[in-house]
1. Quickly run through region B:58-72 and pick out the residues that are surrounded by fewer than 19 Cβ atoms within 10 Å (Cβ to Cβ) and of a type in the set (V, I, T).
2. Against the condition under 22 Å from A:T666 (Cβ atoms), open to solvent by less than 20 Å² (accessible area, probe 1.4 Å) and within 27 Å of the chain's Cα centre (by Cα), how does A:G481 come out, does it pass?
3. Filter region A:461-473 down to the residues that are over 25 Å from the mean Cα position of the chain (by Cα) and buried (at least 19 other Cβ atoms within 10 Å of the Cβ) and list them by number.
4. Going by the structure shown, is A:A154 farther than 26 Å from A:L284 by Cα, assigned to a helix (DSSP H, G or I) and in contact (Cβ under 8 Å) with a residue 24 or more places away in the chain?
5. Would you mind finding the one in A:G123, A:G140 that is open to solvent by less than 10 Å² (accessible area, probe 1.4 Å), in contact with a Lys or Arg (Cβ under 7 Å, 6 or more places away or on another chain), in contact (Cβ under 8 Å) with a residue 60 or more places away in the chain and not hydroxyl-bearing (S, T, Y)?
6. Inspect all residues belonging to region A:676-683 and state whether any of them is in the same structural domain as A:D398 (by TED's automatic domain parsing), open to solvent by 10 Å² or more (accessible area, probe 1.4 Å) and under 26 Å from A:I417 (Cα atoms).
7. Can you tell me which residues in region B:1-50 are within 28 Å of A:V723 (Cβ to Cβ), open to solvent by less than 20 Å² (accessible area, probe 1.4 Å) and not in a loop (DSSP other than H, G, I, E, B)?
8. Residues of region A:497-529 being touching a Pro at 6+ places or on another chain (Cβ under 9 Å), surrounded by fewer than 24 Cβ atoms within 10 Å (Cβ to Cβ) and among the hydrophobic types (A, V, I, L, M, F, W, C), which ones?
Amino acid sequence: MTATATAEAEAPAPTAKATHFGSRRLRREDPALLTGEARFVDDLHLPGALWLGVVRSTEAHAVIHGIDTDAALRIEGVTEVLTGADLAPLWGGAALPCAWPVTDDMHNPPHLPVAVGEAKYAGDAVAVVLATSRYAAADGAAAVAVDYEPKPAAIDLASAAEPDSPLVHESLGTNASYTWELTPDPDAVEKAFAEAEHVIEERFIQQRLIPAAMEPRGVAAVPSPAGGELTLYSATQIPHILKVMTAVTLGIGENKLRVVAPAVGGGFGSKLNVYAEEIICSALALRKGVPVRWTESRSEAALATIQGRGQVQDIALAADADGRVKAVKARLLADMGAYLQLVTPGIPLLGAFLYHGCYDIGHYSFVCTGVFTNKTPTDAYRGAGRPEATYAIERAMDSLAAATGLTPEEVRARNFISADAFPYTSCAGLIFDSGDYHAVLDRAMALADLDARRADQARRRAEQNPRQLGIGFSSYVEMCGLAPSRVLASLNYGAGGWEAATVRVLPTAKVQVVTGATPHGQGHETAWSMIVADRLGIDPDDVEVLHSDTAVSPTGMDTYGSRSLAVGGTAIYMATERVLDKARVIAAHRLEASPEDLEYVDGSFRVRGTPASSVAFGEIAFAAFTAHDLPDGVEPNLEAHATYDPPNFTFPNGTHVATVEVDTETGAVEVVDYAAVDDCGRQVNPLIVEGQIHGGILQGAAQALYEDAVYTDDGQLATASLVDYLVPSAAEAPRYRLDSHVSPSPTNPMGVKGIGEAGTIAATPAVINAIVDALRPLGVTDVEMPASPQTVWRAIETARGRGGAS
Amino acid sequence: MSLVTLTVNGEGRSLDVEPRTLLVHALRDHLGLTGTNIGCDSSSCGACTVLVDGLSAKSCTMLAVQADGAEITTIEGVAEPDGTLNSVQQAFHECHALQCGYCTPGMVMAAMSLIDEYPDLDEAGVRSGLEGNLCRCTGYQNIVDAVLQAAATAATANAPAGSTP
């Protein structure tokens, strides 16, 4: 991957001498993970622990008439079976938290950790078993007999929104949780559509996805009966938020609760939550005075961990005769599932501002209705609202290209926000920080070798080759670096968007960095050490990064939404500056100079113009520790804390070009080339950036081609194992070719933006646009996701007038 | 209960387990070798891959009693005692072939077995050879590159004396 030389030259370097920033430093996290030394939750050795087994509803919607625990209690090792009613006093009737009431009148029915009286989805916890081993807990859970009376269930999203649908929560009288609208100027939107030369109207279905982090969830709650404290180990992305929420839900003192996220095997948003099992294990551990632990099975994960996406999208574009878009309307139904989890209702709204994509349009209207269904709750999954928005606009732009006779790249180029328009105030009210979308598109076309591919495509079309070629574009911009706290307040989000950091210089000049960002594969330890080492002029190996344990890192807002570097990294940068400020005062005292006359070069302060007069960082660290000779008013020790609340989001962007081969006789699709150009601002470590893009692309392509959480009409999840739910392997994965453009974000001092979700956001429409491009001459204008061979074959047959009947 | 005798990472071990105990649980819960991970319940993900008598096997698909008398290598037995990584581990590190690292022990064991079995691995061979090991983070490209790098290292090491590369 090469950076854009001109952009690099124009922007000020983030440090006077950046030795490490921008280098492909290998990850320090790797050795422990490569040797089995890393400890995940299930690896913890906890003598005397009781294992939790969860009895889950086999019905999508049912009254529970009785729970027979006798057979379970006869199993050796089973010590107790508890129903929802038995457990209710433990949480005093408190429900699992939803921290994002997006509207004042949003319906948020109580979501108890274990259901009482009625089950609302297949997978809903209805009872728990405690046992002395994991096998006995599983046996016990399987032996609990529940007497269900099935009720009509709302399964299909669009049907659930109809007035005659069965109701998930009868007391509400509706399946609608909320309706949220953003239409700054309704009259202008209508006028634009009335005057449009081309009106594009499309309906797209975002299927539900199962996040499938390779480590299923795990929880271990370890009490200290004498001290009254509880340590909660969880495979979570959010130990800090989990601590607050667990304390509030259980009514225990937050000061008595410690949350630890040990090694965490991926999350992708699915571990950004407060789950029933975390509350149940905590409550039971406190009551029993012994550790209580639970490890999710993969099938359980499909049912009991949140799912992603799940939308019906209606998008309309109004464009003039030249293909310039004047207005965009988006209408969504968003599947909430049976209950609202931590940020369920807000997920579609993370895309609400982005349905106009990278395009400079005049007027905008967005309306989303959140709909309850008798299915597993949805919540954040990689990209969270932004992949959905990007999919809709990028598919619609290709439809506009077809309607106007323009190429996909030309229709994009005509509508892009121009490079000289930044900072750009969007029609949805955001201020986009920086970018050069045209340059990125040009680079992507070159990388994809577009002319040669188009020639190959033309040749195959001319010879009516059964293997047709399709080239699909996807240009995206996303908002990340979540988030300015005041903006979150305006969206009714229940917390701030800051991040905290401490930089602590030890007496021997080794450094501890404490971060509130909680890694689960992102390489924070490596990246953070590079940032600090550069600022202090020391070796990254002398910088230790501490995280993921609230006893060590008491304040933080954790890791999601591609925020860690732009917010958490900036907090570290700021704390390091404060350390240097203090060190400078101590150095000036020792050098009998004024602090303003000092410069910091190669790990030493020296008097400007008198390089011989210098004091090394290590000397200052030790002087701060001994405190024998500090200037008046300067406290001992060298340590600084910073909390950074970003003034704006950051706006990574890019253009991806997928080339696919479609076998028109079988419907099989193969991605034969994937070219991606991303602008994530400055890159601390391009090695890590590329890894994030690779994995993101495959997750996005997997939505396009393979993955689908399929529910039967009666609400059974038919894809609850990795046999049925098609997470791609190396055999399916394409090779990715990457390039980058760097427009530093002016929002933060390092000019960084974020890259965790970009690939996933871009890839899905790129792949589907490529398939449609291959088949458009056959009359195909849409292919549903996932584009399985059968789906593609049926689309071809339908277009050929053969109806797709087998 | 059944008595099972194994040689694990070169060391003789005896353990008394329920006959239904999976090999992976015997390794993790009875022997404390928690480096081998569990990612599914359908033999699909390969996180639990170990070597049984030198060949890769998904240890969730095998009962501990079936492994009685076998020689097992887990991820804990791969690096040198001083922590020096073996060539596959080192290639994974150098190629950034892991992110969260949960699939990694299984991926490394599968790759070792693959390289051992096929001296002339190419990219297609690596991709199909690792089809039974899922990774959700990396998109596989760096894993494939790492395995090819390790295979090249192995080929060089195994070249007959005097031959030129």
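1. B:T61, B:V65
2. no
3. Listed by number, the residues that qualify are A:Q468, A:L469, A:G470, A:I471.
4. So A:A154 fails the test.
5. The conditions single out A:G123.
6. yes
7. B:V17, B:L23, B:V24, B:A26, B:L27, B:R28, B:T49, B:V50 - these are the residues of region B:1-50 that are within 28 Å of A:V723 (Cβ to Cβ), open to solvent by less than 20 Å² (accessible area, probe 1.4 Å) and not in a loop (DSSP other than H, G, I, E, B).
8. Of everything in region A:497-529, those that are touching a Pro at 6+ places or on another chain (Cβ under 9 Å), surrounded by fewer than 24 Cβ atoms within 10 Å (Cβ to Cβ) and among the hydrophobic types (A, V, I, L, M, F, W, C) turn out to be A:W498, A:A500.
The values are calculated or read from the model by the stated rules, or taken from the named source; none is laboratory data. Keep in mind the model is a prediction, meaning the values are calculated, not measured. When we count neighbours, we look across all protein chains shown, and the Cβ atoms used for this are built from the backbone with ideal geometry, even at glycine. Only protein heavy atoms, including side chains, enter the accessible area calculation; ligands, DNA and RNA are left aside. Shrake-Rupley method; radii C 1.70, N 1.55, O 1.52, S 1.80 Å.
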